[in-house]
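Here the structure is laid out as structure tokens; the discussion comes afterwards.
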Amino acid sequence: MANHKSALKRIRSNDAKRLRNKYQHKTTRNALRDIRATEDKKEAEGMLGNVISMLDKLAKNNVIHKNKAANLKSKLTKHVAAM
């Protein structure tokens, strides 16, 4: 158990950040699944901007690596363009 006040606060803040990161990451994965499953090109194009924004935010906050975000964005863009 932590003995310092700052260590206790760090534990609390880490837990809050972990839960927020987990929620955002799962939400993004669900959005990726939805955009891959859709058959309508117009709908996919509309969702693409939101998903790219979500990936950029995850990469900015080091939840996922920036190259992984770039790879996912590239593959998604190709997928939507090929519809």
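None of the figures in this text is laboratory data; all of them are computed from the coordinates on show. None of these values were measured; they are calculated from a predicted model. Heads up, the Cβs are rebuilt from the backbone with ideal geometry, glycines too, and the neighbour counts pull from every protein chain shown.
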*When we measure straight from the Cα of Lys22, which lysines land under 19 angstrom away, once same-chain ones fewer than 8 places off are left out?*
Lys57, Lys60, Lys66, Lys68
*Span from the segment 1-30 Cα centroid across to the segment 49-83 one, whole angstrom*: 24
_FRET E, pair His4, Ser74, Förster distance 30 Å, beta-carbon r, rounded to 0.05_ = 0.10
